[in-house]
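Engineer: Encoded as structure tokens, here's the structure I'll be asking about.
The values are calculated or read from the model by the stated rules, or taken from the named source; none is laboratory data. Since the model is a prediction, treat every value here as computed from it, not as a measurement. Heads up, the Cβs are rebuilt from the backbone with ideal geometry, glycines too, and the neighbour counts pull from every protein chain shown.
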Amino acid sequence: MGGRDTPAAGFALYMDRLMQVIKTEDIEETITNRVLLSITPEAIKEGFEMAAMIREAGMTVEVALEGQQEIECGWLVETRAESPVFIVTNRVDGSKSAVDSAGNVLALLRCK
């Protein structure tokens with residue numbers, strides 16, 4: 001690069017070749033294990049507590065604050081400040097349930 005000779009070490013990765021080797025079906029998580037947690041500004045605390053509980057239960061959670069774009073997932077959990085606090089939607093079959101406790105949310109997510 002125009003400078004003096006300097007000892008160095010390095011390597012290169014060819015991403016296109018690596019992507020051919022990786023089998024995406026082995027690493028891609030099933031959609032039913034993914035939860036989109038939508039949180040209203042008034043329910044931030046409850047929403048993040050719910051996200052932690054869902055993650056502890058072994059599911060993947062994507063948090064979407066009001067107005068953010070939604071992702072593809074098997075479940076939508078809407079967190080609100082008023083009752084019912086949680087509205088759980090199964091995006092696979094379209095069923096909805098309104099519940100007030102985090103335990104009930106976890107029971108609904110595990111039942112399918």
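Engineer: Suppose we keep only residues that are at pLDDT 80 or above and acidic (Asp, Glu) within the range 1-40. Which one would you say is surrounded by the fewest Cβ atoms within 10 Å (Cβ to Cβ)?
Structural biologist: Asp5
Engineer: Just checking, which of Val77, Val105 is modelled with pLDDT of 90 or more and touching a Leu at 6+ places or on another chain (Cβ under 6 Å)?
Structural biologist: Val77
Engineer: Next up: Are any residues in the range 57-97 out of contact with any helix residue (DSSP H, G or I) (no Cβ under 7 Å at 6 or more places or on another chain) and part of a strand (DSSP E or B), and if so, which ones?
Structural biologist: Once the filter is applied, which keeps residues that are out of contact with any helix residue (DSSP H, G or I) (no Cβ under 7 Å at 6 or more places or on another chain) and part of a strand (DSSP E or B), the range 57-97 yields Glu62, Ala64, Leu65, Leu76, Glu78, Ile87, Thr89, Asn90, Lys96.
Engineer: Moving on to the next point. Quick one: Ala98 ticks every box in (1) in contact with an Asp or Glu (Cβ under 8 Å, 6 or more places away or on another chain); (2) modelled with pLDDT of 90 or more except a single one, so which number is it?
Structural biologist: Evaluating Ala98 over (1) in contact with an Asp or Glu (Cβ under 8 Å, 6 or more places away or on another chain); (2) modelled with pLDDT of 90 or more leaves (1) as the failure.
Engineer: If you don't mind, another one. State which residue is farthest from Thr40 (Cα to Cα) when the search covers only the range 61-70 and only residues that are surrounded by 12 or more Cβ atoms within 10 Å (Cβ to Cβ) and at pLDDT below 90.
Structural biologist: For the range 61-70, the residue satisfying everything is Gln68.
Engineer: Among Met50, Met19, which is the only one that is touching a residue at least 40 places away in the same chain (Cβ under 8 Å) and not in a loop (DSSP other than H, G, I, E, B)?
Structural biologist: When all the criteria are applied, what remains is Met50.
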